[in-house]
1. Could you calculate the FRET efficiency of A:E68 with A:T114 from 1/(1 + (r/R0)^6), where r is the beta carbon distance between them and R0 is 41 Å, rounded to 0.05?
2. Based on alpha-carbon atoms only, what is the radius of gyration of chain B relative to the globular estimate 2.2 N^0.38 Å?
3. Can you compute the charge dipole magnitude of segment B:27-114 about its Cα centre, using +1 on each Lys and Arg Cβ and -1 on each Asp and Glu Cβ, nothing else charged? Give it in debye, rounded to the nearest 20.
4. Please identify the cysteines of the protein assembly as shown that lack any partner cysteine with a Cβ under 4.7 Å from their own Cβ.
5. Mean-square fluctuation check for chain A, GNM, Cα pairs under 10 Å: which of A:D62, A:D71, A:D86 is largest?
6. Fewest Cβ neighbours within 10 Å first, please rank A:T114, A:T95, B:T65 accordingly.
7. Could you pull out the GluC sites (Glu not before Pro) across segment B:16-114 that fall in loop regions by DSSP (anything but H, G, I, E, B) with no more than 14 other Cβ atoms inside 10 Å?
8. With charges set only on the Cβ (+1 for Lys and Arg, -1 for Asp and Glu), what does the dipole of segment A:1-60 come to about its Cα centre, in debye to the nearest 20?
Amino acid sequence: EPEVTQTPSHQVTQMGQEVILRCVPISNHLYFYWYRQILGQKVEFLVSFYNNEISEKSEIFDDQFSVERPDGSNFTLKIRSTKLEDSAMYFCASTPLAGGYEQYFGPGTRLTVT
Amino acid sequence: GNSVTQMEGPVTLSEEAFLTINCTYTATGYPSLFWYVQYPGEGLQLLLKATKADDKGSNKGFEATYRKETTSFHLEKGSVQVSDSAVYFCALTPGNTGGFKTIFGAGTRLFVKA
């Protein structure tokens, strides 16, 4: 069964450094998403992406964040200058179509900012 | 706005006990409703879904019915097992009028004792 993959599984970085989290969505899916989960808290929406542009973003997704689909398979989340509070699990998700369809989540990348 | 409220945990049950985790939602339009499960150290897995009023989603002995009149989507299982110990998230996708991101509840941790 096809699945969403994410790399790395765990990333440790120092405050102020740039990080790029990578995701490979399911191949025939059209909508892509990033979510984060701070330890012990709820899963929060960051951004959705369709047709090579952001379709929706949350208040969390400020100028420090950016997303890109650099080729036909990868979907990346970049944090330009990490803060301690960016430490969280980051989940990528994809859907074949918008609305009404469950999102297929990747296993997540645990980001630790020291 | 769109939001999901679910009962606080943790919920501790003995094996073979009956499980109910309450979930209510607020949404504009006609959302799709989901239950996701997160096992320790793992990502999010879709447990079940319902896309319209009175639909019943079911999987692995778990059930939930989309109740529009009470804006609820309570999760039930007749006989829990130790392997059901996990965090359960109620979630919705608003749909056309509210976007296609998934909005999660805070999660309910379930412990099942042998």
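Nothing in this text is a laboratory measurement; each read-out follows from the coordinates by a stated rule. Note that the coordinates shown come from a computational prediction; the quantities given were computed from them, not determined experimentally. Backbone-built Cβ (ideal geometry, glycine too); neighbour counts: all protein chains shown.
1. With a Förster radius of 41 Å, E is 0.95.
2. For chain B, the normalised Cα radius of gyration comes out at 1.02.
3. 60
4. Lone cysteines by the Cβ rule: none at all.
5. For chain A, modelled as a Gaussian network with Cα springs under 10 Å, the answer is A:D71.
6. A:T114, B:T65, A:T95
7. Filter output for segment B:16-114: B:E16, B:E42, B:E69.
8. On the way: 4 positive and 7 negative charges, 28 e Å.
With only Lys, Arg, Asp and Glu charged at Cβ, the dipole is about 140 debye.
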